[in-house]
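Q: If you scroll down you'll find the structure; I have some questions about it.
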Amino acid sequence: MGIVKTTARLATVTLGIGVLATGALAAQEVDLDKAEALEAKAAELLNVQDDWNSAAKLLREAASHRPDGDAQARQDLYQASRIAYYRGQERRAVNDLEHLADRALEEGDVLTAAHALADAAWIAHEEGMGTKTLDLSERAQKLALSPLITETQRATLQERFGLSG
């Protein structure tokens with residue numbers, strides 16, 4: 001079982017499908033107007049007030065108000081995880097990505113889930129979270145075996161773990 005190559009960087013991760021999958025939290029009501037308002041406030045915090053931590057929180061909340069399969073919800077959650085990582089909140093980024101992967105799997109998006117878990121494993125490795133790193137790596141590698149992804153996608157995932165030819 002390999003761990004994510006340390007040369008990978010979260011900032012350069014390119015998702016083959018372009019966005020990460022998520023759904024609305026069961027306890028939350030779908031409310032697109034509220035989601036859009038939260039996203040606008042998050043953008044303001046990022047661009048004007050430079051309050052990245054609050055922006056990430058708003059993005060997580062906005063995603064929870066979007067319906068299952070909504071592309072913007074996927075982008076919101078991925079952006080929130082990136083903000084956490086770059087603000088030095090690596091454990092929060094790992095949790096965000098793991099949560100995102102679980103939600104992606106609920107929608108059948110194996111590729112997104114695998115990439116999110118690979119990102120989380122890389123960060124966990126960077127933070128010395130040995131057991132967590134191995135767990136996340138194993139989960140991502142298992143998903144890379146899915147018949148629901150193409151051979152090219154599988155090879156890309158396996159390269160991230162140093163498993164390619």
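The values are calculated or read from the model by the stated rules, or taken from the named source; none is laboratory data. These numbers come from a predicted model, not from an experiment. Cβ coordinates were reconstructed from backbone atoms using ideal geometry, including for glycine residues, and neighbour counts include every protein chain displayed. Only protein heavy atoms, including side chains, enter the accessible area calculation; ligands, DNA and RNA are left aside. Shrake-Rupley method; radii C 1.70, N 1.55, O 1.52, S 1.80 Å.
Q: Kindly evaluate Tyr86 against the criterion of being closer than 29 Å to Gln153 by Cβ, open to solvent by less than 50 Å² (accessible area, probe 1.4 Å) and out of contact with any Lys or Arg (no Cβ under 7 Å at 6 or more places or on another chain).
A: Values: closer than 29 Å to Gln153 by Cβ: yes; open to solvent by less than 50 Å² (accessible area, probe 1.4 Å): no; out of contact with any Lys or Arg (no Cβ under 7 Å at 6 or more places or on another chain): yes.
For Tyr86, the condition - closer than 29 Å to Gln153 by Cβ, open to solvent by less than 50 Å² (accessible area, probe 1.4 Å) and out of contact with any Lys or Arg (no Cβ under 7 Å at 6 or more places or on another chain) - is not met.
Q: Being touching a helix residue (DSSP H, G or I) at 6+ places or on another chain (Cβ under 9 Å) and more than 30 Å from Val30 (Cβ to Cβ) narrows it down to one residue among Asp135, Asp76, Asp119; which is it? Can you show your working first?
A: Details: Asp76 fails: more than 30 Å from Val30 (Cβ to Cβ); Asp119 fails: more than 30 Å from Val30 (Cβ to Cβ).
Just one listed residue meets the conditions, Asp135.
Q: Filter the stretch 41-50 for residues that are in contact with a Leu (Cβ under 9 Å, 6 or more places away or on another chain) and open to solvent by 60 Å² or more (accessible area, probe 1.4 Å) and give the result.
A: The answer is Lys41, and nothing else.
Q: Separate question: Go through (1) under 13 Å from the mean Cα position of the chain (by Cα); (2) open to solvent by 10 Å² or more (accessible area, probe 1.4 Å); (3) among the small types (Gly, Ala, Ser) for Gly128 and report which single condition fails.
A: The one condition Gly128 does not meet is (1).
Q: If Ala55 meets every condition in (1) open to solvent by 10 Å² or more (accessible area, probe 1.4 Å); (2) in a helix (DSSP H, G or I) apart from one, which number is that one?
A: Among (1) open to solvent by 10 Å² or more (accessible area, probe 1.4 Å); (2) in a helix (DSSP H, G or I), Ala55 violates only (1).
Q: Additional query: Identify all residues within the stretch 35-58 that are of a type in the set (Lys, Arg) and farther than 14 Å from Tyr78 by Cα; write none if there are none. Before you say what the answer is, go through the steps one by one.
A: Residues of the stretch 35-58 of a type in the set (Lys, Arg): 41, 57.
Across the stretch 35-58, the qualifying residue is only Lys41.
Q: Yes or no: Asp76 in a helix (DSSP H, G or I) and out of contact with any Asp or Glu (no Cβ under 7 Å at 6 or more places or on another chain)? Spell out the reasoning first.
A: On the way: in a helix (DSSP H, G or I): yes; out of contact with any Asp or Glu (no Cβ under 7 Å at 6 or more places or on another chain): no.
For Asp76, the condition - in a helix (DSSP H, G or I) and out of contact with any Asp or Glu (no Cβ under 7 Å at 6 or more places or on another chain) - is not met.
Q: Output the number of the condition that Phe161 fails; it satisfies all remaining conditions of (1) surrounded by 24 or more Cβ atoms within 10 Å (Cβ to Cβ); (2) aromatic (Phe, Trp, Tyr); (3) more than 21 Å from Leu77 (Cβ to Cβ).
A: (1)
Q: Shifting gears a bit: Among what's in the stretch 97-111 and is open to solvent by less than 20 Å² (accessible area, probe 1.4 Å) and under 8 Å from the mean Cα position of the chain (by Cα), pick the residue that is modelled with the highest pLDDT. I'd like the intermediate steps shown before the answer.
A: From the stretch 97-111, those open to solvent by less than 20 Å² (accessible area, probe 1.4 Å) are 97, 100-101, 103-104, 110-111; that's our starting set.
Keeping just the survivors that are under 8 Å from the mean Cα position of the chain (by Cα) gives 97, 100-101.
Values: Leu97: 95, Leu100: 91, Ala101: 92.
Here the answer is Leu97.
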